[in-house]
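The structure appears right after this line, and notes come after that.
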Amino acid sequence: MKQYLAVSAIGSDRPGMVHDLTRVISDCGGNIAESRMAALGSEFAMLLLVNGNWHALARIESELTRLTESGLTVHVKRTEPRAARTEMLPYSVDIVSLDQTGIVAGLSGFFSGRGIDISEVSTRSYAAAHTGAPMFAVQMIINVPGKLQVAQLREDFMDFCDSLNLDAILEPVKS
């Protein structure tokens with residue numbers, strides 16, 4: 001029977017980090033079902049959902065503690081697969097604006113106040129191509145309860161974004 005581990009790891013960015021972590025998982029008989037990995041400043045962060053049988057996951061938990069000797073901070077937690085959200089409609093949110101404090105907090109507050117589940121968030125800061133202005137981009141996948149009126153949600157969302165001077169798109173996820 002498959003069991004699951006959520007693994008988070010962060011350490012000073014260096015070549016071979018991904019290999020060190022994924023080799024342990026593979027050598028112990030685990031399988032990476034999902035992952036997100038990115039350089040964040042001078043650190044490299046990894047989030048993984050690993051599955052396998054009980055014995056494989058116990059070995060992984062034990063072996064991953066040895067990676068702390070190489071300066072990697074690792075957290076492991078037993079988990080379950082995410083339950084299907086059959087009563088929810090997946091939507092994609094894309095935001096671009098001048099960089100300003102509180103954008104993600106504002107967006108997450110807008111959605112949580114309406115019972116909307118945030119499934120994924122990705123952000124980045126960058127300099128605008130021609131002006132060099134500090135820019136901020138957010139991509140989200142949200143799950144909208146089927147009982148919400150999408151037209152009203154879209155109108156409220158666009159008003160919210162206009163109030164913060166955010167350029168936004170809210171559209172259904174197309175698989």
Would you mind estimating how fast segment 57-175 diffuses translationally, via Stokes-Einstein at 25 °C and 0.890 mPa s with the Kirkwood radius over Cα pairs, in µm²/s?
144 µm²/s
Could you grab the relative contact order for the chain? Cα pairs under 8 Å, six or more apart, rounded to a whole percent.
23 percent
What is the extension gain from HIS75 to ASP117, computed as 0.36 nm multiplied by their sequence separation minus the C-alpha to C-alpha distance, in nm to one decimal?
12.7 nm
Straight-line reach only, C-alpha to C-alpha below 22 angstrom: list the lysines that LYS147 could link to, leaving out same-chain residues fewer than 8 apart.
LYS174
Percent accessible area from carbon and sulfur atoms, the chain, protein chains only, probe 1.4 Å
53 percent
Only residues of segment 58-93 count here: report those whose backbone N is under 12 Å from the spot 7 Å along Cα→Cβ of ARG36, or say none.
none
Choice from SER122, SER108, SER42 showing the highest fluctuation, given a GNM over the chain with Cα pairs closer than 10 Å:
SER42
Dipole in debye (nearest 20) - segment 48-109, about Cα centre, beta carbon charges: Lys, Arg +1; Asp, Glu -1
240 debye
Would you work out if segment 1-140 is rounded, prolate or oblate? Take a ≥ b ≥ c from the square roots of the eigenvalues of the alpha-carbon gyration tensor; rounded if a/c is under 1.5, else prolate when a/b is larger than b/c, oblate otherwise.
oblate
Dipole of the chain, Cα-centred, from +1 at each Lys and Arg C-beta and -1 at each Asp and Glu C-beta, to the nearest 20 debye?
580 debye
For segment 6-95, which GluC sites (Glu not before Pro) pass both filters: DSSP loop (anything but H, G, I, E, B) and at most 16 other C-beta atoms within 10 Å?
GLU87
Given a 1.4 Å probe, the accessible area of segment 2-134 per residue, as a whole number of Å², is 59 Å²
Mean residue ellipticity at 222 nm from the helices of the chain, using -39,500 (n - 2.57) per DSSP H segment of n ≥ 4 over the full residue count, to the nearest 500 deg cm²/dmol?
-8000 deg cm²/dmol
Rough spin-label spacing in nm, given labels placed 7 Å along Cα→Cβ, for TYR126 and ASP156:
3.2 nm
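The values are calculated or read from the model by the stated rules, or taken from the named source; none is laboratory data. Here the structure is a predicted model, which means the values were calculated and not measured. Reconstructed Cβ throughout: ideal geometry from the backbone, glycine too, with neighbour counts over all protein chains shown. Note: areas computed on protein heavy atoms with side chains; ligands, DNA, RNA excluded. Shrake-Rupley method; radii C 1.70, N 1.55, O 1.52, S 1.80 Å.
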